[in-house]
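Visitor: Right, I'll just put the structure down here and ask away after.
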Amino acid sequence: MRIVIDATSLLLCSAGVKNYMYYWIRALREHALGDRIRLFPYFPGVSQLHHECSCAGKWATLSGRLLVNVCNVRGNRLLDLLEADADVFHASQHLRNPPRLGPRLTATIYDMTCWMLPEMHSPANVAATKEYGDRVLRRATACVAISQSARRDAIEILGLAEDRVEAIYPGVADGFFAATPQDARAAAKTYGLEKPYILFVGMIEPRKNIHRVLDVYSSLSAAVRSEYELVVAGPLGWCKPETVRRLLRPAAGIRYLGYVPESDLPGLTAGAALFFYPSLYEGFGLPVAQAMACGVPVITSRGSALEEIGGEDVITVEPHCIDEMAAAVERLALSLVLRSELGQRGRRRAAQYTWARCAEQSLAFFRRAVGV
């Protein structure tokens, strides 16, 4: 098969989608055997993953982004010419005018948050994502959803036929499974972390519920706050100025690290006493799976994909209830036995989230889409 993957996100500043595409493309190429995987827009290789800059060189980035903008013009049929020899064209979040002739069109469904929680996003982001739904997801021969939860939401909201949407879990990078105490100590030294810590990792945006994360920590008993710091890692996205102020001028016991490079995340995560991620909605919840792979106990939200990903091997809470979340954090913080048990169970569960498995299932998905 000749498979073209829309890799536009690798040329942008991005978080979850870029992470997924980076590791997915690498895994597809490793497991493709006789299949050919090429990228759109066209750039020869992919450098190390960094969320705050492009994964390609300067000129490849500029020309690639220009080509995407041209191809996104409604009515433009340039991709019908450029990709006429492909068997599959797989669209991602940023391409909204895929080829109509030639290759079978497939696409990824990450989450339905712009439909379910539009107030958590900018109007421009909501409009662009809904356009992707109308012009790509509804037209695609078949779609990959990154969880059963995302699959159900997409089928219900977009009215997609059930047999056109397949759930295939993403993987967790090998570095999280392999993180050692030495990696944890190195990360602690790099970021000046001298006390045990409760960790949150994610883009600072309303959906991640970071203002309640701060409220929960402030409501913990003095004994727990004296023993544990709250460490928040992630770039500033869009959120209320008050939340930004609370991070940049934090109260005692709170550390905001800003963006943490991908290479430092396994050690930082492995060094946490517990991982606290009460997001309001996720299509998968990669930070939760990463923490589980490190053997770190997790507290996360009920609802969306987070319960599906963590199952009975994490503690789930109502993400709007400060008292319930604080009680769960205190319970876990004060019990070494429970932390150890959940950490071991989480590591075993995370073993199912590998990029090798994702790639093999994805290649089989492409074959079914083409009919071979």
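Laboratory data are not the source of any read-out in this text; all were calculated from the coordinates shown. Remember, predicted model here, so these are calculated numbers, not experimental data. Every residue, glycine among them, receives a Cβ derived from its backbone with ideal geometry; neighbour counts consider all protein chains shown.
Visitor: Using every Cα-Cα pair within the stretch 171-222, state what percent have a distance larger than 14 Å.
Guide: The answer is 70 percent, as a whole percent.
Visitor: Let me ask another. Between the stretch 182-202 and the stretch 271-297, what is the C-alpha centre distance in whole Å?
Guide: 15
Visitor: Take the Cα of GLU156, step 7 Å along the line toward its Cβ, and report every residue of the stretch 112-134 whose backbone nitrogen sits under 16 Å from that point.
Guide: What the label zone holds, given the 16 Å backbone N cut-off, is 112-118.
Visitor: Compute the relative contact order of the stretch 141-241 as a whole-number percentage, counting only Cα pairs closer than 8 Å that sit 6 or more residues apart in sequence.
Guide: 25
Visitor: Now a separate question. In nm, give the distance between the simple-model label positions of SER340 and ARG2, each being 7 Å from the Cα along the Cα-to-Cβ direction.
Guide: Label at SER340, label at ARG2, 5.9 nm between them.
Visitor: Rounded to the nearest 500, what is the chain's calculated 222 nm mean residue ellipticity when only DSSP H runs of at least 4 contribute -39500 (n - 2.57) each, over all residues?
Guide: -12500 deg cm²/dmol
Visitor: In addition: Which residue fluctuates the most in the chain, going by a Gaussian network model with Cα springs under 10 Å, if the choices are ARG345, ARG245, ARG152?
Guide: Maximum among the listed residues: ARG245.
Visitor: A further question follows. Find how many whole Å separate the alpha carbon centroid of the stretch 59-100 from the alpha carbon centroid of the stretch 343-370.
Guide: Distance between centres, Cα-based: 28 Å.
Visitor: What is the stretch 53-153 by shape, rounded, prolate or oblate, if you read a ≥ b ≥ c off the alpha carbon gyration tensor as root eigenvalues and call it rounded for a/c under 1.5, prolate for a/b larger than b/c, and oblate otherwise?
Guide: Here the stretch 53-153 falls in the oblate category.
Visitor: Whole-Hz Karplus ³J(HN,Hα) for the stretch 73-88, in order, using 6.51 cos²θ - 1.76 cosθ + 1.60 and θ = phi - 60°, x for Gly and Pro?
Guide: Residue by residue, the stretch 73-88 yields 5, 4, x, 6, 10, 4, 5, 4, 7, 5, 10, 5, 8, 7, 8, 9 Hz.
Visitor: Starting from the Kirkwood radius over alpha-carbon pairs of the chain, derive D by Stokes-Einstein at 4 °C in a medium of 1.567 mPa s and give it in µm² s⁻¹.
Guide: 61
Visitor: Within a Cβ distance under 15 Å of TYR22, other residues only, what is the Lys/Arg minus Asp/Glu net charge?
Guide: -2
Visitor: Still on this structure, please answer the following. On the principal axes of its Cα set, how long, how wide and how thick is the stretch 174-350? Give whole Å, largest value first.
Guide: 39, 35, 32
Visitor: Work out the length of the dipole vector of the stretch 174-350 about its Cα centre, built from +1 on the beta-carbon of each Lys and Arg and -1 on the beta-carbon of each Asp and Glu, and round it to the nearest 20 debye.
Guide: Using Cβ point charges on Lys, Arg, Asp and Glu, the stretch 174-350 gives about 380 debye.
Visitor: List the trypsin sites (Lys or Arg not before Pro) within the stretch 1-78 that DSSP assigns to loop and that have no more than 13 neighbouring Cβ atoms inside 10 Å.
Guide: Of the trypsin sites (Lys or Arg not before Pro), the ones in loops of the stretch 1-78 whose Cβ has at most 13 other Cβ atoms within 10 Å are ARG74, ARG77.
Visitor: Using 1/(1 + (r/R0)^6) with R0 = 22 angstrom and r between the beta carbons of GLU324 and SER226, what's the FRET efficiency to the nearest 0.05?
Guide: It comes to 0.45.
Visitor: Now a separate question. Restricting to Cα atoms and excluding each atom paired with itself, what does the Kirkwood estimate give for the stretch 1-96 in Å?
Guide: Across the stretch 1-96, the inverse of the average 1/r is 13.7 Å.
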